[in-house]
Each structure stands twice: as C-alpha cells, then as structure tokens.
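Report on the following structure.
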Amino acid sequence: MQILIVDDEKDLRDAVVTALENDDLKVLTASNGVEGITVALENKPDLIFLDILMPESDGLDVLKQLREDDWGKTVPVVIMTVVDDLDNMAKVLEQGAIGYIIKSNITLENVVGKAKEVLGS
C-alpha cells in the first residue's frame, strides 16, 4: 500500500510521513499541487492526503485533475485543510473527496487511523 501526501507545509508533511512510515506504510510526498499531480499519476498511490491551500495549483484543482483521469477517478482522497468552512467542505466532498481533516484539530494518530480505515488495514 502506498500513500501520497501533498502539502506545502514541510514540517507537517514530514511529521505525517514519519507517523505513517512508523506504521509500516509506504509514503510518497509532493510540496505543491503541480508536483502532486505528477507524482500521483506516475505512481498511482492507494490513498492521497491533499492540502487545499497550496502554491502553483491548489488542492481543488488537483482533485479536479485527478478525477479527469481513468485511474484518478477512483483513488481515495482525504483533504487536509486549515479551512473550517462547511460550504468549502461540502464542495470538496461533491468533487469526490472521501473525507477531510481540519489541520487545527489534526493529530498524527488521526492521520494514521484514517489511512488504515481507508486502506482496510
């Protein structure tokens, strides 16, 4: 099983990677939306954790591009965001995200638990 973390916040990205790897999960990373699309389409991970607010291409654009690809139509995407706005969250769920984690409430245990839940492990 392989997970992609797409987030421009290096400290958060590194912490999430460490937590997932400590749980024997294989992790790929991208620091912006453009890189995230490239890494996703080349490696076809089993799960993507995707930030919304990023430089170059935001998470909503990334999600839209993923959903236009045959493989990307079905890959589970969990949004990680600082935006605590129900309208925005409804929008990402309508575009095909399977859930979201609010960064101000995030714990590494939540991320690992969500990954295991989605991957069925």
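The values are calculated or read from the model by the stated rules, or taken from the named source; none is laboratory data. A quick note: this is a predicted structure, and the numbers were derived from the prediction, not measured. Counting neighbours? That spans all protein chains shown, and the Cβs are built from the backbone with ideal geometry, glycine included. We work out accessible area using only protein heavy atoms, side chains counted, and drop any ligands, DNA or RNA first. Shrake-Rupley method; radii C 1.70, N 1.55, O 1.52, S 1.80 Å.
Does region 1-84 come out rounded, prolate or oblate by the C-alpha gyration tensor, with a ≥ b ≥ c the root eigenvalues, rounded set by a/c under 1.5 and, if not, prolate when a/b is larger than b/c and oblate if not?
Cα axes put region 1-84 in the oblate bin.
According to a simple spin-label model (label point 7 Å from Cα along Cα-to-Cβ), what is the distance in nm between Thr107 and Thr38?
My value for the distance between the label points is 3.7 nm.
For the modelled label position 7 Å from the Cα of Asp69 along Cα-to-Cβ, which residues of region 36-55 have backbone nitrogen atoms closer than 18 Å?
Under 18 Å, as judged by backbone N against the label point of Asp69, lie 36-52 of region 36-55.
Between Ala15 and Gln2, what length in nm is gained on full extension when 0.36 nm per residue of separation is reduced by their alpha carbon distance?
3.0 nm
On full extension of the chain, what length is gained from Asn22 through Lys91, given 0.36 nm per residue of separation minus the C-alpha to C-alpha distance?
21.6 nm
Could you report the chain's accessible area per residue, 1.4 Å probe, as an integer in Å²?
50 Å²
Is it possible to state the helix-based mean residue ellipticity at 222 nm for the chain, with each DSSP H run of 4+ residues giving -39500 (n - 2.57), the sum divided by total residues, to the nearest 500 deg cm²/dmol? What is it?
-13500 deg cm²/dmol
With +1 on each Lys and Arg Cβ and -1 on each Asp and Glu Cβ, how big is the dipole of the chain about its Cα centre, in debye rounded to the nearest 20?
Dipole of the chain, to the nearest 20 debye: 300 debye.
Suppose we flag GluC sites (Glu not before Pro) only when DSSP calls them loop and at most 16 other Cβ atoms lie within 10 Å. Which is the longest uninterrupted stretch of the chain?
69-121
Just add up the charged neighbours of Ala115: K/R +1, D/E -1, any other residue whose Cβ is under 13 Å from the Cβ of Ala115.
In short, -3.
With an 8 Å cut-off on Cα pairs and a minimum separation of 6 or more residues, tell me the relative contact order of the chain in percent.
After rounding, I find 25 percent.
Can you list the chymotrypsin sites (Phe, Trp or Tyr not before Pro) in region 1-101 that are in a DSSP coil and have 15 or fewer other beta carbons within 10 angstrom?
Here the sparse-neighbourhood loop sites are Trp71.
Which percent of the accessible heavy-atom area of the chain goes to carbon and sulfur, probe 1.4 angstrom?
Within the chain, the accessible surface is 47 percent carbon and sulfur.
By a straight-distance test (C-alpha under 21 Å), which lysines pair with Lys103 as possible cross-link partners, with residues fewer than eight away in the same chain excluded?
Hits, sequence-local ones excluded: Lys10, Lys91, Lys114, Lys116.
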